[in-house]
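Structure, as C-alpha cells:
The values are calculated or read from the model by the stated rules, or taken from the named source; none is laboratory data. Here the structure is a predicted model, which means the values were calculated and not measured. A quick note on method: Cβ atoms are made from the backbone with ideal geometry, for glycine too, and the neighbour counts reach across all protein chains shown. These area figures cover heavy atoms from the full protein model, side chains too; ligands, DNA and RNA do not enter into them. Shrake-Rupley method; radii C 1.70, N 1.55, O 1.52, S 1.80 Å.
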Amino acid sequence: IMSDNRIENLNVLEEQPIITPNALKEKYPLTENIINTVLEGQTTIKNILNKKDKRILVVVGPCSIHDIDAAKEYATKLKALADELKDTLYLVMRVYFEKPRTTTGWQGLINDPHLDNSCDVNEGLQICRELLTHVAELGLPTAGEALDIVTPQYIQDLFSWTAIGARTTESQSHRKMASGFSSVVGFKNGTDGNLTIAIQALMSVAGQHNFVSINPEGNVAVVRTSGNPNSHIILRGGKGPNYSAEHIAKYEQKLDDAGYPQNIMVDCSHANSGKKAVNQSVVLEDVAQQIL
C-alpha cells in the first residue's frame with residue numbers, strides 16, 4: 001500500500017536546470033592568447049613558490065566583482081601597472097565571484113548577478129566566464145576563490161591562482177576539490193586565527209582524492225585526482241592581526257617543523273586591517289619592510 005505522505009524535498013521550492021560546463025565553454029571559447037595568459041600565470045606562480053622566480057606574488061583587486069564594466073576598466077589599468085612593475089612584482093587580478101557568508105547576504109555574481117536575490121545562476125555563470133576571457137585576452141592572469149563545489153567546472157580553467165577561504169580551509173570537500181586544480185592554491189588560516197588547519201590542508205591537497213561532482217557534460221561523476229603539490233598558507237588575521245615579524249617567524253618555524261617550504265602570503269584585509277580599508281596600506285608597508 002503506497003502512502004500519500006511526502007518524505008523528500010519538503011523544503012525545496014524548485015529545481016532549475018542550468019547550462020552544462022561544456023556548453024558554457026563553447027559559448028566563450030579559449031583563444032591561443034587566453035591559453036597562453038593562464039598557462040604563463042600558473043607557471044610563473046609555481047616558479048615563485050619553488051624559488052625559481054625571485055619576484056613577489058601580489059594578488060590585487062576588489063573584494064568581489066559586481067560591476068562588469070568597472071572590472072574591465074580596472075583590469076586595463078592593472079595590466080599597465082603589471083607591465084611597469086614586472087621586474088620585481090608579479091601582479092594577478094583578484095576576480096572573486098562567490099562570497100562566503102557567516103549568516104546571510106549577497107552571495108556573489110554567480111549566484112545573484114542582478115543583485116536582487118533572483119539567483120539567476122545561468123546568467124551569472126555566463127557573465128563571469130565572459131569577464132575572465134576578456135581579462136585573459138588582455139594578458140593579465142586572474143585569481144579566484146573556490147567556494148562552491150560545482151562551479152569550478154565552469155570557470156576554474158581560467159584562474160592562475162586560487163584561494164580557499166577561512167571558512168572552508170578545514171572543509172574536506174574543498175581540500176579534495178583543490179587537489180585537482182591546475183592552479184596554485186592558497187589556504188587561509190581560520191576566522192579565529194587557527195593556522196594548524198591551513199598547514200593540515202597543505203598535506204591533504206597534495207594527496208590523491210576521489211569525490212563526487214559533475215563532469216564537463218554536466219553528469220554526476222566521481223572525480224579522481226592525482227594531488228596538487230603547489231599550495232601555500234595565507235595569513236588573514238583572526239581575533240587580531242597576524243602579519244607582524246614575530247608572527248611570520250613563528251609561522252615559518254611551524255611550516256619548517258611540518259616539512260613544508262616557508263611560503264607565506266599576507267592578506268592585507270580582513271582581521272589584519274581590522275576590516276578597515278584605510279589600514280590595508282599600513283599592513284602592506286609593514287610587510288614590505290619585513291621583506292626588505
key: Looking only at region 156-177, and only at residues there that are out of contact with any Phe, Trp or Tyr (no Cβ under 8 Å at 6 or more places or on another chain) and part of a helix (DSSP H, G or I), the one that is most open to solvent (accessible area, probe 1.4 Å)   = GLN172
ask   = Are any of the residues in region 267-274 among the polar types (S, T, N, Q), touching a Leu at 6+ places or on another chain (Cβ under 9 Å) and open to solvent by less than 50 Å² (accessible area, probe 1.4 Å)?
value = yes
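For SER226, are the conditions met, namely being under 21 Å from the mean Cα position of the chain (by Cα), of a type in the set (Gly, Ala, Ser) and open to solvent by 50 Å² or more (accessible area, probe 1.4 Å)?
Working: under 21 Å from the mean Cα position of the chain (by Cα): yes; of a type in the set (Gly, Ala, Ser): yes; open to solvent by 50 Å² or more (accessible area, probe 1.4 Å): yes.
When the stated conditions are applied, SER226 passes them.
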ask   = Within region 272-285, how many residues turn out to be over 17 Å from LEU89 (Cβ atoms) and out of contact with any helix residue (DSSP H, G or I) (no Cβ under 6 Å at 6 or more places or on another chain)?
value = 6
task = Being open to solvent by 60 Å² or more (accessible area, probe 1.4 Å) and β-branched (Val, Ile, Thr) is the filter here, so list the residues in region 178-214 that pass it.
result = THR191, THR196, VAL212
query = Which one of the conditions (1) touching a strand residue (DSSP E or B) at 6+ places or on another chain (Cβ under 8 Å); (2) of a type outside the set (D, E, K, R); (3) open to solvent by 60 Å² or more (accessible area, probe 1.4 Å); (4) part of a loop (DSSP other than H, G, I, E, B) does PRO241 fail to meet, given that it meets all the rest?
reply = (1)
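Going through GLU246, GLU217, GLU252 one at a time, which residue ends up being assigned to a loop (DSSP other than H, G, I, E, B), open to solvent by 40 Å² or more (accessible area, probe 1.4 Å) and acidic (Asp, Glu)?
Numbers: GLU246 fails: assigned to a loop (DSSP other than H, G, I, E, B); GLU252 fails: assigned to a loop (DSSP other than H, G, I, E, B).
Only one candidate qualifies: GLU217.
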query = Since PRO261 meets every condition but one in (1) in contact (Cβ under 8 Å) with a residue 60 or more places away in the chain; (2) open to solvent by 30 Å² or more (accessible area, probe 1.4 Å); (3) closer than 13 Å to ILE234 by Cβ, which condition does it not meet?
reply = (3)
query = Of the residues in region 69-111, how many are farther than 22 Å from LYS54 by Cβ, small (Gly, Ala, Ser), surrounded by 14 or more Cβ atoms within 10 Å (Cβ to Cβ) and at pLDDT 95 or above?
reply = 2
request  = Would you confirm whether any residue within region 277-291 is closer than 17 Å to ILE197 by Cβ and open to solvent by 80 Å² or more (accessible area, probe 1.4 Å)?
outcome  = no
task = Please work out which one of (1) part of a strand (DSSP E or B); (2) in contact with a Cys (Cβ under 7 Å, 6 or more places away or on another chain) is the condition VAL222 fails and give its number.
result = (2)
inquiry  = Pairs please, first residue from region 192-213 and within 19 Å of GLY165 (Cβ to Cβ), second anywhere and of a type in the set (S, T, N, Q) and surrounded by fewer than 17 Cβ atoms within 10 Å (Cβ to Cβ), Cβ atoms under 6 Å, 6+ apart in sequence or on different chains.
reply    = none
